[in-house]
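Below is one structure, written out as structure tokens; comments come after it.
Just so it is clear, none of the values below were taken in a lab; they were calculated from the coordinates. Just so we're clear, the structure is a prediction, and the values are computed from it rather than from any experiment. Please note: Cβ atoms are built from the backbone with ideal geometry, for glycine as well, and neighbour counts cover all protein chains shown.
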Amino acid sequence: MNSISENSNVTSHTIARQAGVSVGTVHRVLTNQANVSEELRERVLHTIRELGYVRVPRKRIKSGAGNAEDKLYKTRLDTVLFCAPNRKTADLREAYIYRIFGGVERGCSENNISILFQSLEDSSNATEQVEALIQRTAIDGILLHNFSSTELVENLKKLQLPIVLVDSQQPTGLGLDLVITDNTAGGNLVVEHLVKLGHREIAFINGPTRYSMKRRMEGYRNALIDAGLDYKPELIHEGDLSLEGGAQAMRELLERGVEFSAVFCANDLMALGAIRALNAAGLQVPDDISVVGFDDIEASTLVSPALTTIHANLEDKGKVAVYRLIERAQKPDSPVVWITLPVYLVERSSTAPLVKNHSHLK
């Protein structure tokens, strides 16, 4: 048997590729975990012996004479993987995810970190895709944006790389750092703005039942109660966060024949779709119906009327996530942190004071 000597050019990714296993399997063998078959364990160990590798997961120095406690050197992130789920709505990807990715790019650039972008199926089926990518490229950390599959996230945690969630749709119980918009505050701000304009019947077009959408609904409902207004289920409808989804939701609200003078849409794309449907029905924004969106995407300033919306700091969110990932790599055993980014209302021309004795119903 050859003696094992440290080879700084060999990494766990090299071992995984040579042995034909996942990086997660290599980590489990190196940390002597039980959930590895003997055949795989021996294959990995044989590869380690062949390559001449000693695992040094974190460099350590003594903190000082007479003190046995070790200090950790800062762990360097050289390459970060940014993952976003495949969505059927291309307009949603372009308007929302790529703005967050722009913030990730800036954060990485400021820290001389390379970045890879990968879209994935939002299910555990994507695990092997990520593992294969890690085997081909020396990934040091992962940013997961907007995923709902807890199985996928749990699988990726086993790779023992630093991970930060960005706008996770199922963040609770995962034990990972999170960067998220203050969705509840955003919902509150919208309703408060509309109430100040005199609106009392405020419809809400929400998105699919996910964490962020639940929080926006929570803000909407709480603000109605605080204003002394009734929460009316007949004024609630769900869209798919796309332009057409907002238009369809608005058409169905109008078909119900319920009275409302304003509508809050859970994202800007649905708000723009709602305006399109209102115009097609012969109604004017904001003269007949005031409309508010959420996110403040670029298109919200390019339409007529320009859209009142919640500014959600999309670029800042991506940048903050990078810095949190750096901190997680440096202090892997520190407590989990949830960072909630503040929002603010951007008032434009799609909202106006309620006209007395107004009704949009014909």
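A few comments on the model shown:
- Between Tyr344 and Tyr98, the modelled label-to-label distance comes to 2.8 nm, taking each label 7 Å out from Cα in the direction of the beta carbon.
- Segment 266-316, Cα convex hull volume normalised per residue, Å³: 61
- Kirkwood Rh and Cα Rg combined as Rg/Rh, segment 205-362: 1.05
- Unsatisfied cross-links (Cα-Cα over 24 Å) in the set Lys214/Lys331; Lys157/Lys317; Lys158/Lys331; Lys214/Lys317; Lys196/Lys317; Lys157/Lys319: Lys214/Lys331; Lys196/Lys317
- Segment Glu128-Leu283, extension gain: residue separation times 0.36 nm, minus the distance between their alpha carbons: 50.7 nm
- Principal axis dimensions, segment 158-245 - Cα atoms, whole angstrom, descending: 53, 29, 19
- Val337 paired with Lys214, simple spin-label distance in nm, labels 7 Å along Cα-to-beta-carbon: 2.5
- Burial order of peptide ranges 171-181, 321-331 (average beta-carbon count within 10 Å, highest first): 321-331, 171-181
- Pairs of alpha carbons in segment 75-215 whose separation is greater than 22 Å (percent): 45
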